[in-house]
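Just below is one structure, and these are the notes that go with it.
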Amino acid sequence: MASTSVFVVAIDFGTSYSGYCFSLASGTDQIRQVYWGTEHGLKTPKTPTCILFNQKQEFRKFGYDAVMKYKSLPSGEADNWYFFQNFKMALYNTKVTSGMELKASNGKTLPALTVFSESLRYLKEHAMNTIQEASFQTVCDQEEITWVITVPAIWSAAARQFMRLVAKQAGLISDMISEKLIIALEPEAASLWCKQLPQEGFIADSSDKKKFEESPGIQYIVVDCGGGTIDITVHEIQENHFLKELHKAAGGGWGGNRVDENFTEFLKEIFNDGVWDEYVKSHPTELQHMMYNFSLQKCSASREAVYIHCYYNLTRVAERKKNISHFFTQAKGAVWCDGMIMITYEKMKSFFDYSIKNIICTLREILDKPEMAKVQYILLVGGFASSVILRDAINQAFSKNYHILCPMEAQVAIAKGAVLFGVNPHIIASRVSTRTYGVSINCKFDPAIHDLKKQRISKADGYIYCTDLFKKLVGINESVNINEVAHYFFNPTEPDQESARFCFYCTEKQDAQYIDEEGIEWLGSCTVPMPDKTLGRKRELKLDIKFGLTEFKATSVSSTMSFSEAEVQSARGAWEKIYVDAEDNGTTVLVRMFTEHPDTKSYFAHFKGMDSAEEMKQSDQVRGHGKKVFTAINDMVQHLDNSEAFLGIVNPLGKKHATQLKIDPKNFRIICDIILQLMEEKFGGDCKASFEKVTNEICTHLNNVYKEAGW
């Protein structure tokens with residue numbers, strides 16, 4: 001978490017329900033949760049993940065408000081509105097693109113980016129208003145909040161990247177403060193919350209009163225039971241109470257919505273002869289209300305028959321055919337009872353069969369592995385875990401050998417755990433890679449191993465090379481540490497190319513030879529400039545990769561960034577000579593720039609009226625800004641031997657000057673040249689020569705940032 005954050009807000013953006021929790025970044029002793037639906041006579045920790053747009057495709061309502069508004073619309077008018085629910089599942093097990101469309105309940109479509117971003121925008125604004133009303137303080141600056149968004153661990157890298165794009169579109173982050181968004185994996189977040197709960201924090205489903213023991217070496221499975229997906233991970237508690245992942249995330253689309261689907265199929269069997277189809281088509285808002293009532297029954301703690309209210313229009317449509325009670329003559333497990341549909345407990349359990357079968361099968365598959373022999377606990381979390389039917393089935397299957405635990409607040413365990421994760425993202429010490437990741441490369445063509453179709457010939461000198469090769473970076477099921485950075489070195493294909501583009505891919509296979517093989521998924525790319533062509537193909541490209549994070553992170557630098565240890569020490573020694581008097585020397589540099597290049601003053605409102613060099617030298621504002629410039633350069637100089645840290649300083653600075661301040665990039669070259677002049681004047685040519693490569697590196701990367709920003 002960035003040190004400048006005042007708050008951490010964790011948004012649990014679920015398939016069926018969404019909500020958020022927050023706390024001060026300085027401590028998580030008081031994690032606040034929000035209750036929803038009070039204006040509708042309800043009080044729940046999450047609100048339905050439903051969103052409503054009007055005829056003009058303008059956002060109108062979210063959550064309970066969307067459900068109630070859509071329900072109140074006349075059928076004719078509702079046909080022209082856009083009501084979306086369960087749309088998060090569109091990102092699971094499908095090809096995710098920024099241009100994909102989502103289908104509303106009436107068949108109309110809108111861009112997925114619009115539907116997701118408007119939902120997230122609503123939750124963002126609701127959270128900021130809540131923080132203010134909670135008497136913490138007014139949130140004036142985006143940078144005061146670290147946002148955490150939870151996603152299923154079984155989601156693809158493309159789906160996770162899509163959520164980052166959604167967050168940017170929704171205004172949670174910008175290019176300048178992209179580090180203020182943390183993607184958290186739902187079972188990990190729940191795990192963090194559960195491992196610090198006392199015994200009374202768990203539901204007592206059986207005589208097993210075992211407390212979750214947070215001791216080094218303890219291993220346990222987390223089963224995140226959501227509306228759309230079931231997410232399963234295995235963790236071990238480390239000596240420092242951090243968590244190590246022992247098995248790659250498993251699971252599937254077996255969440256609570258499967259139960260809903262089985263229920264509606266059952267109703268379709270009862271209300272046959274086209275009755276159910278007509279009702280669904282003609283009265284979607286009423287159906288939505290019926291399904292909401294069913295979802296409450298589905299996740300109840302009752303082991304008795306359930307009663308579902310049968311709404312007026314269903315009765316009316318049915319009785320056009322025959323008396324409604326006659327539809328239940330052949331129904332097994334349901335009877336008509338004074339305007340209600342009574343469903344037996346056994347029939348209700350049958351709706352869970354598909355989900356339970358897949359959950360138990362997957363758990364057994366994991367637990368039967370020899371390396372899982374020390375697992376002691378199974379933690380059930382998520383809204384679907386509130387169902388006593390689901391918990392009973394898991395207890396029956398596994399309670400002889402494992403302690404089955406479910407937190408009292410299963411529905412908010414993820415959001416509260418995500419707050420803990422936002423405060424300390426490195427609490428997960430290692431993860432198991434769910435896929436094999438690689439980068440596209442070219443190399444010298446070898447007819448013995450390479451496909452002739454991949455052969456290319458350089459126009460520059462006739463060099464024959466193979467293209468589209470898949471270079472494996474990390475393998476599926478491979479354990480990777482969070483802070484571990486892998487370094488790779490490559491050479492350019494063409495001797496005169498001025499930039500190189502790294503394209504990243506992933507696959508569920510152990511390895512691949514070419515990037516266009518079946519099952520290879522494109523992730524993204526990054527471009528690195530190589531302005532110095534002196535060494536041709538002997539130039540070195542360094543690629544730094546962090547695999548252990550919840551998102552794949554790559555940093556690439558050209559050979560100009562590859563400072564030798566001697567060059568680093570020499571450059572730092574030269575810089576120390578001028579930095580020792582940062583304010584005076586920084587002022588001298590700015591005064592020379594403003595004097596020799598007066599047009600540069602136009603970017604500084606406070607300096608425009610200053611004409612004489614003496615006036616500028618005496619200005620507190622000029623002196624302060626001069627010192628600020630030198631301090632920024634000093635931060636870069638201290639990280640010449642760490643490309644990731646170096647770019648972590650240069651890139652945000654470049655983005656701010658390009659997108660917010662709109663400063664001409666030539667100013668950076670002017671400042672660097674004046675610094676070199678000053679070094680030569682004060683300390684000689686050797687001092688200047690020692691630092692010249694640093695200024696070139698700074699300007700090269702800043703120019704690259706400007707190009708990416710559209711300059």
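The values are calculated or read from the model by the stated rules, or taken from the named source; none is laboratory data. Quick caveat, the model's predicted, so the values are computed rather than measured. Cβ coordinates were reconstructed from backbone atoms using ideal geometry, including for glycine residues, and neighbour counts include every protein chain displayed.
In the range 287-378, which helices (runs of 4 or more DSSP H) lie fully inside it and hold 2 or more residues that are over 30 Å from S75 (Cβ atoms)? Spell out the reasoning first.
On the way: elements: 312-319, 345-350, 353-367.
The helices (runs of 4 or more DSSP H) meeting that bar are 345-350, 353-367.
Give K357, K369, K400 a once-over and let me know the one that is among the charged types (D, E, K, R), over 31 Å from the mean Cα position of the chain (by Cα) and farther than 17 Å from A153 by Cα.
Result: K400 is the single residue among K357, K369, K400 that is among the charged types (D, E, K, R), over 31 Å from the mean Cα position of the chain (by Cα) and farther than 17 Å from A153 by Cα.
Does the range 564-592 hold any residues that are under 27 Å from D664 (Cβ atoms), surrounded by fewer than 18 Cβ atoms within 10 Å (Cβ to Cβ) and hydrophobic (A, V, I, L, M, F, W, C), and which are they?
A582
Pick out the one residue from A632, A645, A658 that is surrounded by fewer than 16 Cβ atoms within 10 Å (Cβ to Cβ), outside the structural domain of E484 (by TED's automatic domain parsing) and touching a Leu at 6+ places or on another chain (Cβ under 9 Å).
It is A632.
I'm trying to understand the selection: among the residues of the range 70-82, which are part of a helix (DSSP H, G or I) and out of contact with any helix residue (DSSP H, G or I) (no Cβ under 9 Å at 6 or more places or on another chain)?
Scanning the range 70-82 gives G76, E77.
Could you name every one of the helices (runs of 4 or more DSSP H) located completely within the range 604-675 that has at least 2 residues being under 30 Å from L541 (Cβ atoms)?
Result: 620-637, 643-655.
Please specify each residue of the range 34-59 satisfying the condition of being of a type outside the set (V, I, T) and crowded, with 17+ Cβ neighbours inside 10 Å.
Step one: of the range 34-59, the residues of a type outside the set (V, I, T) are 35-37, 39-43, 45-46, 48, 50, 52-59.
Those that are of a type outside the set (V, I, T) and crowded, with 17+ Cβ neighbours inside 10 Å: W36, G37, P45, K46, P48, C50, L52, F53, F59.
Examine the range 118-130 for a residue that is surrounded by fewer than 14 Cβ atoms within 10 Å (Cβ to Cβ), in contact with a strand residue (DSSP E or B) (Cβ under 9 Å, 6 or more places away or on another chain), at pLDDT 95 or above and not assigned by TED's automatic domain parsing to the domain that holds S295, and state whether such a residue exists.
Here is the first cut: in the range 118-130, the residues surrounded by fewer than 14 Cβ atoms within 10 Å (Cβ to Cβ) are 125, 129.
Now narrow it down to the ones that are in contact with a strand residue (DSSP E or B) (Cβ under 9 Å, 6 or more places away or on another chain): none.
Scanning the range 118-130 turns up no residue that is surrounded by fewer than 14 Cβ atoms within 10 Å (Cβ to Cβ), in contact with a strand residue (DSSP E or B) (Cβ under 9 Å, 6 or more places away or on another chain), at pLDDT 95 or above and not assigned by TED's automatic domain parsing to the domain that holds S295.
Take E245 and tell me if it is modelled with pLDDT of 90 or more and assigned to a helix (DSSP H, G or I).
no
I'd like to know if the range 439-457 contains one or more residues that are surrounded by fewer than 17 Cβ atoms within 10 Å (Cβ to Cβ), in a helix (DSSP H, G or I), modelled with pLDDT of 95 or more and aliphatic (A, V, I, L, M).
Yes, the range 439-457 has at least one match.
One residue is enough: does the range 697-710 have a residue meeting the conditions part of a helix (DSSP H, G or I), more than 24 Å from S178 (Cβ to Cβ), under 40 Å from the mean Cα position of the chain (by Cα) and assigned by TED's automatic domain parsing to the domain that holds E583?
Scanning the range 697-710, I find no residue that is part of a helix (DSSP H, G or I), more than 24 Å from S178 (Cβ to Cβ), under 40 Å from the mean Cα position of the chain (by Cα) and assigned by TED's automatic domain parsing to the domain that holds E583, so the answer is no.
Suppose we keep only residues that are over 17 Å from S295 (Cβ atoms) and among the small types (G, A, S) within the range 60-85. Which one would you say is surrounded by the fewest Cβ atoms within 10 Å (Cβ to Cβ)?
G76
Taking the residues in the range 443-471 that are out of contact with any Ser or Thr (no Cβ under 9 Å at 6 or more places or on another chain) and among the acidic types (D, E) as candidates, determine which candidate is farthest from K509 (Cα to Cα).
Among residues in the range 443-471 that are out of contact with any Ser or Thr (no Cβ under 9 Å at 6 or more places or on another chain) and among the acidic types (D, E), the one farthest from K509 (Cα to Cα) is D461.
Within the range 458-478, take every residue that is more than 30 Å from E371 (Cα to Cα) and assigned to a strand (DSSP E or B) and give me the one that is farthest from the chain's Cα centre (by Cα).
Per the criteria, the residue is I464.
Can you name every residue in the range 693-711 that is closer than 18 Å to V568 by Cβ and crowded, with 19+ Cβ neighbours inside 10 Å?
V694, T695, E697, I698, T700, H701
Kindly indicate whether L314 is closer than 22 Å to F83 by Cα, outside the structural domain of C50 (by TED's automatic domain parsing), under 45 Å from the mean Cα position of the chain (by Cα) and surrounded by 12 or more Cβ atoms within 10 Å (Cβ to Cβ). Please lay out each step first, then the result.
Working: closer than 22 Å to F83 by Cα: yes; outside the structural domain of C50 (by TED's automatic domain parsing): yes; under 45 Å from the mean Cα position of the chain (by Cα): yes; surrounded by 12 or more Cβ atoms within 10 Å (Cβ to Cβ): yes.
Answer is yes for this residue.
Go through (1) touching a residue at least 24 places away in the same chain (Cβ under 8 Å); (2) of a type in the set (D, E, K, R); (3) loosely packed, with under 12 Cβ neighbours inside 10 Å and name the single condition D338 misses.
Unmet for D338, out of (1) touching a residue at least 24 places away in the same chain (Cβ under 8 Å); (2) of a type in the set (D, E, K, R); (3) loosely packed, with under 12 Cβ neighbours inside 10 Å: (1).
Consider only pairs whose beta carbons are under 9 Å apart and that are at least six residues apart or on different chains; among these, list those whose first residue lies in the range 350-367 and is touching a residue at least 12 places away in the same chain (Cβ under 8 Å) and whose second residue is buried (at least 21 other Cβ atoms within 10 Å of the Cβ) and basic (K, R).
Cβ pairs passing all conditions: F351/R258; F351/K298; F352/R258; F352/K298; Y354/R258; S355/R258; N358/R258.
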